[in-house]
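Have a look at the structure below, then the notes.
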Amino acid sequence: MINQEDIQALKNYITSGSDYRDVHDDTLILDLTHSNLKQRHIEIRFDKHTTISSLRDKIYQKTGTWPQFQHLQFKSGQDVLWEIPPDRDSERMLGYYSLYHGMSCHCIDLDPHSGSKGGQYEDTSLVQKYQISEEDYNKKKGTLRDWARQQKAKDHNFSFAKHAKEHRELMDAKRQAKLGLDLPAGFEFDSNGEVVRVEIEHEEAGHGTGTGHASTTTTTTTTTVNNNDTEYEDEATVSGITVGMRCQVRPGDRRGTVAFVGMVPELGNGGYWVGIVFDEPVGKTDGTSKSGKKYFDTPGLGYGGFVLGKNVEVGDFPVRDIMDELETDNEDDEDEL
């Protein structure tokens with residue numbers, strides 16, 4: 001491990017003292033160190049007329065060691081050039097000792113009851129942490145657990161995972177609204193122009209038609225959206241997309257890698273689809289279609305998705321940093337079951 005002295009020695013070698021060329025002749029630059037502390041106060045400026053008594057006061061301000069317990073050493077590297085016991089040379093000035101820039105003044109704390117002993121000022125593991133029992137936490141109001149209980153009382157199906165998913169979907173819908181795009185299924189504008197969620201019901205269409213599509217009816221309006229006339233996706237819709245390409249999927253700007261391009265008869269009206277392995281578990285599958293056929297491999301459930309070519313943009317889309325905003329998926333456009 002590189003220590004502070006090695007860093008200082010390297011700095012001195014590189015700069016060769018050039019950083020002190022513009023320092024006034026009456027100014028002295030010293031480092032302050034302490035026997036009980038790891039911290040090092042770098043390049044503290046003193047006037048050469050500063051007395052030892054004033055120096056001790058400065059050390060007290062920075063370390064908490066009382067002047068009467070300070071045994072001082074003026075050091076050049078590891079060599080001790082001067083030692084000043086407590087209550088000695090109090091009125092002598094720093095200029096008397098022929099010190100030069102870059103030296104250190106090391107304080108040895110002689111106080112047997114010093115607050116800095118044993119890492120008391122620096123070791124956070126010694127700080128007693130606040131703890132609360134499960135019973136007391138359950139009784140507290142205004143906590144996350146208390147809020148979850150209130151939500152559970154309103155909706156017995158509530159869970160944090162469900163709440164997080166719905167929140168992400170709402171944020172995605174609001175972003176699409178800002179971009180002037182159509183809102184995803186399940187969202188609409190209220191009377192104030194705000195994006196709100198609406199309840200939708202899914203009913204299986206008659207299997208006699210051979211389509212197997214779902215007819216979606218919004219319960220809050222009289223509008224019925226029928227998807228039975230979905231057009232066949234031909235090979236042109238996936239032109240230019242090949243396995244291994246990085247991509248970004250709309251809506252939600254989800255990123256991943258193309259793992260499959262080809263026919264998937266059991267999705268939609270058949271046609272050509274793109275299989276994506278997402279960087280995050282924002283998909284609906286593990287590369288298996290609703291018929292149970294495996295088209296590509298993923299790290300796990302939720303990392304895969306079958307996407308229409310029109311919703312895939314290939315290019316330079318690196319994996320996002322973990323602190324980037326999480327994106328979400330859209331059930332209408334992805335058509336995966």
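The values are calculated or read from the model by the stated rules, or taken from the named source; none is laboratory data. None of these values were measured; they are calculated from a predicted model. No Cβ is skipped: glycine too gets one built from the backbone with ideal geometry, and neighbour counts run over all protein chains shown. For the accessible areas, the whole protein counts, side chains as well, though only heavy atoms, and no ligand, DNA or RNA atoms are used. Shrake-Rupley method; radii C 1.70, N 1.55, O 1.52, S 1.80 Å.
Computed quantities for the displayed model
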| read-out | value |
| --- | --- |
| Residue in segment 79-88 that is in contact with a Ser or Thr (Cβ under 9 Å, 6 or more places away or on another chain), within 23 Å of Asn36 (Cα to Cα) and either touching a residue at least 40 places away in the same chain (Cβ under 8 Å) or in a loop (DSSP other than H, G, I, E, B) (or both) present | no |
| Segment 64-110, residues that are over 19 Å from Leu28 (Cβ atoms) and under 49 Å from the mean Cα position of the chain (by Cα) | Gly64, Thr65, Trp66, Pro67, Gln68, Phe69, His71, Gln78, Ile108, Asp109, Leu110 |
| Among (1) open to solvent by 70 Å² or more (accessible area, probe 1.4 Å); (2) farther than 21 Å from Ala9 by Cα; (3) at pLDDT 90 or above - the single one Trp82 does not satisfy | (2) |
| Index of the failed condition, Asp229 passing every other in (1) at negative phi; (2) modelled with pLDDT of 50 or more; (3) open to solvent by 50 Å² or more (accessible area, probe 1.4 Å) | (2) |
| Qualifying residue in segment 286-308 (condition: open to solvent by 70 Å² or more (accessible area, probe 1.4 Å), in contact with a helix residue (DSSP H, G or I) (Cβ under 9 Å, 6 or more places away or on another chain) and either under 27 Å from Ala173 (Cβ atoms) or at pLDDT 85 or above (or both)) | no |
| Positions within segment 90-100 being surrounded by 16 or more Cβ atoms within 10 Å (Cβ to Cβ) and assigned to a loop (DSSP other than H, G, I, E, B), in sequence order | Leu99 |
| Residue count for segment 236-261, restricted to those that are closer than 18 Å to Tyr303 by Cβ and outside any loop (DSSP other than H, G, I, E, B) | 12 |
| Identity of the residue in segment 272-285, in a loop (DSSP other than H, G, I, E, B) and in contact with a strand residue (DSSP E or B) (Cβ under 8 Å, 6 or more places away or on another chain), that ends up surrounded by the most Cβ atoms within 10 Å (Cβ to Cβ) | Gly283 |
| Segment 262-271, residues that are crowded, with 20+ Cβ neighbours inside 10 Å and part of a strand (DSSP E or B) | none |
| Residues (of a type outside the set (Ser, Thr, Tyr), without any contact (Cβ under 8 Å) to a residue 40 or more places away in the chain and not in a strand (DSSP E or B)) located in segment 286-296 | Asp286, Gly287, Gly292, Lys293, Phe296 |
| Listing of helices (runs of 4 or more DSSP H) fully contained in segment 103-182 that carry 1 or more residues being open to solvent by less than 70 Å² (accessible area, probe 1.4 Å) and in contact with a strand residue (DSSP E or B) (Cβ under 8 Å, 6 or more places away or on another chain) | 160-178 |
| Qualifying residue in segment 64-78 (condition: closer than 15 Å to Leu32 by Cβ, open to solvent by less than 30 Å² (accessible area, probe 1.4 Å) and in contact with a Gly (Cβ under 7 Å, 6 or more places away or on another chain)) | no |
| Matching residues, segment 1-39, being assigned to a helix (DSSP H, G or I) and either modelled with pLDDT of 95 or more or open to solvent by 60 Å² or more (accessible area, probe 1.4 Å) (or both) | Gln4, Glu5, Asp6, Ile7, Leu10, Lys11, Asn12, Tyr13, Ile14, Asp19 |
| Enumeration of residues in segment 40-60 that are open to solvent by 70 Å² or more (accessible area, probe 1.4 Å) and more than 22 Å from Asp26 (Cβ to Cβ) | Tyr60 |
